[in-house]
Amino acid sequence: MTTVGFIGSGHIGGTVARLAVAAGYDVVLSNSRGPETLADLVAELGPRARAATASEAAAAGDLVVVSIPLGAYQKVPVEPLAGKPVIDTNNYYPQRDGQIPELDDASTTSSELLQRHLPTSHVVKVFNNIFWRSLHSLARPAGAPDRSALAVAGDDADAKATVVGFLDAIGYDAVDAGPLAEGARYQPGTFAYGGIYAGDSLEDAVRGPAEKVRAALAGRAATG
């Protein structure tokens, strides 16, 4: 895998793109406003980056990151993502996304909605529970004693392995949270959302090693 596509290039998408380029990946960026609006980010990232439409980014990526407001998930192109691992960074915020009855009654999760929309793709949930500034500042090389971990959930073992390999390359260990439905354990309102990587404020990045992440997923506190 050499190319990562981005559908959405805001705080989280842009941060993942920066980490990916630093790790030697090519990136194809897109957003809802058009490729021309990404000129500054592309210039910052250098020759490994280019801007495109969402469909073009989806087609170009060996791995594709979807990082858009959940309310727009049905606009994600389907056919160009067939057979591909798709990283979902989304969270459900009713005040932004509008009320979604299936999420309000907890009969499904936000990532499962995206998976339903992309029936031939393999969705893996990650990056949704860490502040974007912390995501950038906590990245460490493999083997570093102060490396942090991120939770991953997905139904396809091969896709999940691809994502775990990508995380390792950009500076993170991984904790397997189980199938995609288990992404509910680190969505907003849970023990594992946000705070495990934050100090006195979201601006203060705090190490989140694997044992701390596992404890948070189980609903308890841990030090680390």
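For this structure, a couple of remarks:
- All conditions in (1) in a helix (DSSP H, G or I); (2) buried (at least 21 other Cβ atoms within 10 Å of the Cβ); (3) touching a residue at least 60 places away in the same chain (Cβ under 8 Å) hold for PHE127, with the sole exception of (1).
- Where VAL78 falls short, out of the listed (1) within 15 Å of the chain's Cα centre (by Cα); (2) of a type in the set (Val, Ile, Thr); (3) over 24 Å from ALA39 (Cα atoms): (1)
- Checking every residue in the stretch 188-209 against the condition of being free of Cβ contacts under 8 Å to residues at least 40 places away in the same chain and in contact with a Phe, Trp or Tyr (Cβ under 9 Å, 6 or more places away or on another chain) gives zero matches.
- Output for the stretch 1-29, where each listed residue is touching an Asp or Glu at 6+ places or on another chain (Cβ under 8 Å) and among the hydrophobic types (A, V, I, L, M, F, W, C): MET1, VAL4, VAL28
- Count - residues of the stretch 130-159 that are touching a His at 6+ places or on another chain (Cβ under 9 Å) and open to solvent by 20 Å² or more (accessible area, probe 1.4 Å): 6
- In the stretch 182-207, the residue that is modelled with the lowest pLDDT out of those that are open to solvent by less than 40 Å² (accessible area, probe 1.4 Å) and within 16 Å of the chain's Cα centre (by Cα) is GLY194.
- Residue in the stretch 93-100 that is touching a Gly at 6+ places or on another chain (Cβ under 8 Å), in a loop (DSSP other than H, G, I, E, B), among the polar types (S, T, N, Q) and over 11 Å from GLY5 (Cβ atoms) present: no
- Residue in the stretch 62-102 that is surrounded by the most Cβ atoms within 10 Å (Cβ to Cβ), counting only those that are touching a Ser or Thr at 6+ places or on another chain (Cβ under 6 Å) and either aromatic (Phe, Trp, Tyr) or without any contact (Cβ under 8 Å) to a residue 12 or more places away in the chain (or both): TYR92
- Residue in the stretch 150-159 that is under 16 Å from VAL16 (Cα atoms) and among the small types (Gly, Ala, Ser) present: yes
- Per this entry, ALA144 is counted among residues that are outside any helix (DSSP H, G or I), of a type in the set (A, V, I, L, M), at pLDDT 95 or above and more than 18 Å from the chain's Cα centre (by Cα).
- Per the listing SER30, SER9, the residue uniquely touching a residue at least 24 places away in the same chain (Cβ under 8 Å), over 27 Å from PRO141 (Cβ atoms), crowded, with 20+ Cβ neighbours inside 10 Å and of a type in the set (Gly, Ala, Ser) is SER30.
- Matching residues, the stretch 35-82, being in a loop (DSSP other than H, G, I, E, B) and hydrophobic (A, V, I, L, M, F, W, C): ALA52, ILE68, VAL76, VAL78, ALA82
- Scanning the stretch 33-54 for residues that are among the small types (Gly, Ala, Ser) and either within 15 Å of ILE87 (Cα to Cα) or open to solvent by 30 Å² or more (accessible area, probe 1.4 Å) (or both) turns up ALA39, ALA43, ALA51, ALA54.
- Conditions (1) open to solvent by less than 50 Å² (accessible area, probe 1.4 Å); (2) within 20 Å of SER67 (Cα to Cα); (3) not in a loop (DSSP other than H, G, I, E, B); number of the one not met by VAL213: (2)
The values are calculated or read from the model by the stated rules, or taken from the named source; none is laboratory data. Since the model is a prediction, treat every value here as computed from it, not as a measurement. As a convention, Cβ positions derive from the backbone with ideal geometry for all residues, glycine included, and neighbour counts pool all protein chains shown. Side chains are part of the model used for accessible areas, which takes the heavy atoms of the whole protein and leaves out ligands, DNA and RNA. Shrake-Rupley method; radii C 1.70, N 1.55, O 1.52, S 1.80 Å.
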